[in-house]
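Take a look at the structure set out below.
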Amino acid sequence: MTGVESPAYVPGHGLLKGRTAVITAAAGAGIGGATARRFLEEGARVLISDAHVRRLKEYEAELAGEFGSAVAALPCDVIDDTQVSALFEAAIEKHGRLDVVVNNAGLGGTSDLVHMTDEQWSKVIDVTLNGTFRCTRAALRHFRAGGAGGVIVNNASVLGWRAQAGQAHYAAAKAGVMALTRCAALEAAEFGVRVNAVSPSLAMHPHLVKVTSPALLAELTQREAFGRYAEPWEVANVIVFLASGYSSYMTGEVVSVSSRHP
């Protein structure tokens, strides 16, 4: 199948002007980094976090060179609730308010169940599912206390719906993120908070290349209807939509950002 060329980059339209966002796992060239850049281009102020301190500092410096004081950064490992709490307090201290939270932190890996250790399973679950829970809980507490509503966007995956060998831990975690999103949305609606998720299939970035074999990447790419992988900013555009007023009547939804076919 011949791949369709990636579309032209979409310029910002001020969709998030005046809003403040926390974005986890936002250091580098993946979905989190692309989301931080798109939010800034749409007029938001952002606090980016990541467990990788060096990469976080480098990306903060890069973004600050373009967007100035609209960007700040704080290291945060989402498996540590103390660090999670500090992250949200820092957002309020730095920018004076909190409007949007993007839970992008996740951890993958490949291992068949017959070889998978308890440690491999637990680590993926703790970062990908439990980390999303911790950040969602912290965000909801701030939003409820603030009384002005808010938005949470979680990063799920098509593997929460579809099976892939070697991905039982990651798929279980992402299916959990989907269920968490729906339940949190019902609870948060009473104080004006929306909770949705995106479900990407294949968004190419350097970390994915490092942990996935070229043969598997080629196979997964061929299964995409467009015959190409998504650019991280294409996923980020959907996150922008879910964070903006254009999705004001959407909550509890998991939006597929995928051209993948069976």
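Kindly list the number of the only condition in (1) touching a strand residue (DSSP E or B) at 6+ places or on another chain (Cβ under 8 Å); (2) under 27 Å from L129 (Cα atoms) that fails for A34. (1) is the only condition that A34 fails. A residue that is at pLDDT 95 or above, of a type outside the set (A, V, I, L, M, F, W, C) and not in a helix (DSSP H, G or I) can be found somewhere in region 115-130. Just a yes or no: is a residue in region 206-222 at pLDDT 95 or above and part of a helix (DSSP H, G or I)? For region 206-222, residues at pLDDT 95 or above and part of a helix (DSSP H, G or I): absent. Flag: G43 matches the condition of being of a type in the set (G, A, S) and at positive phi. Per the conditions (1) surrounded by fewer than 22 Cβ atoms within 10 Å (Cβ to Cβ); (2) of a type in the set (S, T, N, Q); (3) in contact (Cβ under 8 Å) with a residue 60 or more places away in the chain, the sole criterion not satisfied by N104 is (1). Remark: L159 matches the filter, which requires a residue to be in a helix (DSSP H, G or I) and either crowded, with 19+ Cβ neighbours inside 10 Å or in contact with a Gly (Cβ under 6 Å, 6 or more places away or on another chain) (or both). Candidates V195, V235: the one that is among the β-branched types (V, I, T), at pLDDT 95 or above, in a helix (DSSP H, G or I) and in contact with a strand residue (DSSP E or B) (Cβ under 8 Å, 6 or more places away or on another chain) is V235.
If I filter region 29-55 down to residues being surrounded by 22 or more Cβ atoms within 10 Å (Cβ to Cβ) and in contact with a Cys (Cβ under 9 Å, 6 or more places away or on another chain), which single residue comes out as nearest to V127 (Cα to Cα)? Applying the filter and picking the extreme gives D50. Of all residues in region 121-166, those that are free of Cβ contacts under 8 Å to residues at least 40 places away in the same chain and either of a type in the set (A, V, I, L, M) or touching a Pro at 6+ places or on another chain (Cβ under 7 Å) (or both) total 3.
If only residues of region 167-188 that are closer than 16 Å to L140 by Cα and among the hydrophobic types (A, V, I, L, M, F, W, C) are counted, the one that is surrounded by the fewest Cβ atoms within 10 Å (Cβ to Cβ) is L186.
If you go through region 4-26 and keep only what is touching a Lys or Arg at 6+ places or on another chain (Cβ under 8 Å) and closer than 17 Å to V101 by Cβ, you end up with R19, T20, A21.
Quick check, is T82 under 24 Å from F241 (Cβ atoms) and either hydroxyl-bearing (S, T, Y) or crowded, with 16+ Cβ neighbours inside 10 Å (or both)? When the stated conditions are applied, T82 does not pass them. Scanning region 54-93 for residues that are aliphatic (A, V, I, L, M) and more than 20 Å from R134 (Cα to Cα) turns up L56, A61, L63, A64, A70, V71, A72. Take the residues in region 1-17 that are of a type outside the set (A, V, I, L, M) and in contact (Cβ under 8 Å) with a residue 40 or more places away in the chain, then tell me which one is surrounded by the most Cβ atoms within 10 Å (Cβ to Cβ). That would be S6.
The values are calculated or read from the model by the stated rules, or taken from the named source; none is laboratory data. These numbers come from a predicted model, not from an experiment. Cβ coordinates were reconstructed from backbone atoms using ideal geometry, including for glycine residues, and neighbour counts include every protein chain displayed.
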